[in-house]
Structure formats: C-alpha cells, structure tokens
There are 2 protein chains.
Amino acid sequence: MNIRSATERDWPQVWEFLRVIAKEGETYCWDRDLAEEKAYAWWWRPLPVRTVVAVDGDTVLGTAVSYPNQSGPGAHVASASFLVDPAFRGVGRALGNHVVDQARADGFRAMQFNAVVETNTRAVALWESLGFRVLGTVPEAFHSPAAGYVGLHIMYRSLL
Amino acid sequence: MNIRSATERDWPQVWEFLRVIAKEGETYCWDRDLAEEKAYAWWWRPLPVRTVVAVDGDTVLGTAVSYPNQSGPGAHVASASFLVDPAFRGVGRALGNHVVDQARADGFRAMQFNAVVETNTRAVALWESLGFRVLGTVPEAFHSPAAGYVGLHIMYRSLL
C-alpha cells in the first residue's frame, strides 16, 4: 500500500465507496443522497486543502482530505476527513499517520476533528490510539439510522 | 430597536463594522484583511441560512447569521454568528434571543457555537446567560493579537 497525492483520475474509485458511506448515513454529516458534483467539489479543492489516496497498485483503498479547521487567527489548527473502502478498513491507520505527519510538516500546531460519531467506535478507538482525545461531545447531534440520536465527539491532538 | 430579515441594502452598514471586527482579529476566525466580496458571500446566503439585522430606524446596530451546523444526519443542530457594531454592544442579547427562538421555530433541536474565543469573556458570559454551556475548549486554537494563543470554546444549548 502506498499513500500519494490524489489526482482527478482517482475520483471514480473514490466515489464508489464515498457514495456507499454517504448512503449508509452512519458516520458522516452528509446528505444520504449526496450528489456526485457536490461530493467531488468537497473532495477536490486547491491548497491549502490536501487530498491523498491510499492505493494498492491501481486500486484506491481509501482517501483523506485535510485543511485548516478555521481561517485567519484559527488557521494553525488542521482538520481532516477520512474515507476507507469498507472492504479495506485497515487503511485508516496508515492514512491517519500520514495526515498527522503532513499537517505537522505544514506547520499546523494541532489537529481537530469536529464531528466523530460516538457510535463509530472503531474510528474513535483509532483516533485515540493515534494520540487524539475527546474534548467534548455534542449531545444527540447526529441522527443515526440504526441508533437514533447520538453524540458527536470533538477530538483533538497537539502536533507540537 | 427592531430585528428583521436583512436585505442586500443593509450590507454597506454591516460591512462598516464587520471590517473593523475582522481587522481587530480578537473574536473571529477571519483573515484580518478580509475581502469585502468574501465577507458578503458569507453574510448573504440563501435559505436555510438566515440573516437578520438589528436596526434603530435606518441604522444597522448588529447582525446575525444562522444556519445548520452540519448537513444530513447533523442538520438538526443550528449554529450562528453574531456581529454588533462596537458602539452598540447591548444589541447582542436581543439578537441572541431572536436567533434562538427562530431556530427553535425552524425545528432545530439544539444550537452549537464552534469557536467562541475564550478571552471574549463578554460573549462567553452572554451565551451562558442565554442557556449555553461550554462543552469543551480547543487549546490554543486562536491566535489573538493581544493575548497570544488562547482557547476556542465549543458552546451548546438544547432547544427542546
């Protein structure tokens, strides 16, 4: 597995799993019938947004998008979003490490996730194992098809 | 003082104080030399974003912009931003009450602020007096010209 900058040619493969993740509605604050144009406009943006893919040969296993969480006086804290083809879940850790290292190299002082669904226990455990902690949880801020109203964690780690 | 839906004709007066607040750099995660077109595009958006102004006759004293904090499974939690002409600080409470009531009427279940600067003690006290509480604080997430790196509070209240 290799992690590299994404190109527009990776999009069709990313869309195949992104659409499934959106449709499931269990992990992301996206419309479940998210339009492809809207998803693409989110995924593929100019710097300072960075889009990477994890690939095995020609197969895209996952993708990550990282960006300043705020502008101006808040632009030194990064955020990021991760999507992994459900068939290749182990890819998240490699993408997480890559994105954390890149953000530190880019001069970000910390990384913050704004909306980690509390029932997505695999993701919460992964981020905790990578040094993130839950700063707070917004009660009932996510409406899960399976679990009803559940909390959204704000997670954080310093990069200094 | 009256609070009403904004119109595009209110913009020149809003821009007069918005530019000052951005330039000060103490309360908002905006570029300090924020371009007017960018500010306008943020302030004036179609529904579900609501833009209101507090006016005294023809004078705009303050403005608030409210919107879903997330999309899809997170779209039932509102967020909002408030800007008051520094000459008329008392307007914030009236705008806050208005926006909370409107969000409840629109069916939002809660309201969340993502980035309240912890040194902006007047704002923190105002939101606490309106029923918000600090869910968590992102350490050193805001670079204040006066105070250096300070925290950003995530604040929340239920609307049920």
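Every number here is computed from the coordinates shown, using simple stated rules; none is lab data. This is a predicted model, so every value here is computed, not measured. Heads up, the Cβs are rebuilt from the backbone with ideal geometry, glycines too, and the neighbour counts pull from every protein chain shown.
What does the copy distance list look like for B:A87, label position 7 Å along Cα→Cβ, in nm and ordered from shortest?
Those label-point separations list as 6.6 nm.
At 0.692 mPa s and 37 °C, plugging the Kirkwood radius over alpha-carbon pairs of the range B:112-160 into Stokes-Einstein gives what diffusion coefficient in µm²/s?
Values: Rh = 10.9 Å.
The Stokes-Einstein estimate is 301 µm²/s.
Can you tell me the Rg and Dmax of the range A:40-106, counting just the alpha carbons, in angstroms?
Considering the range A:40-106 through its Cα atoms, Rg and Dmax are 12.5, 41 Å.
Taking each label point as 7 Å beyond Cα in the direction of the beta carbon, state the distances from B:S5 to the same residue in the other copies, shortest first, in nm.
Label-point separations across copies, in nm and ascending: 4.5.
What relative contact order, as a whole-number percentage, does the range A:62-160 give when Cα pairs under 8 Å and 6 or more residues apart are counted?
Details: 177 pairs, mean separation 25.2, N = 99.
Over the range A:62-160, the number comes to 25 percent.
Mind checking which chain A residue has its Cβ closest to the axis relating A to B, and how many whole Å off it is?
So the closest residue, with its distance, comes out as A:G136, 1.
Go through the range B:124-137 residue by residue and turn each phi into a ³J(HN,Hα) via Karplus (6.51, -1.76, 1.60, θ = phi - 60°); whole Hz please, and just put x for glycine and proline.
4, 5, 4, 5, 5, 5, 9, x, 7, 9, 7, 7, x, 10
Cα centroid distance between the range B:101-143 and the range A:12-51, in Å?
29
What number comes out for the charge environment of A:M155, summing +1 per Lys or Arg and -1 per Asp or Glu over other residues with Cβ under 9 Å away?
Numbers: positive: A:R133, A:R157; negative: A:E128.
Here the charged neighbours net out to +1.
Along Cα-to-Cβ, 7 Å out, sits the label point; list in nm, shortest first, how far the one on A:R104 is from those in the other copies.
Listed shortest first, these distances are 4.7 nm.
Ignoring everything except DSSP H segments at least 4 long, calculate the 222 nm mean residue ellipticity for chain A; use -39,500 (n - 2.57) per segment, divide by total residues, nearest 500.
Working: 4 runs with 46 residues, N = 160.
It lands at -9000 deg cm²/dmol.
Determine, for B:T63, A:T137, the number of other Cβ atoms within 10 Å of each Cβ, and report the residues in order from fewest to most. Present the calculation step by step, with values, prior to reporting the outcome.
Working: B:T63 26, A:T137 19.
If I rank by nearby Cβ atoms, fewest first, I get A:T137, B:T63.
Scaled to the compact-protein estimate 2.2 N^0.38 Å, what is the alpha-carbon radius of gyration of chain A, rounded to two decimal places? Show your work: numbers first, answer last.
Working: Rg = 15.0 Å, N = 160, 2.2 N^0.38 = 15.1 Å.
My calculation over the Cα atoms of chain A gives 0.99.
Label points 7 Å out from Cα along the Cβ direction at B:E8 and A:A41: separation in nm?
For B:E8 paired with A:A41, the spin-label model returns 1.9 nm.
Report Rg(Cα)/(2.2 N^0.38 Å) for the protein assembly as shown, keeping two decimals.
On the way: Rg = 20.1 Å, N = 320, 2.2 N^0.38 = 19.7 Å.
Working it through for the protein assembly as shown, the quotient is 1.02.
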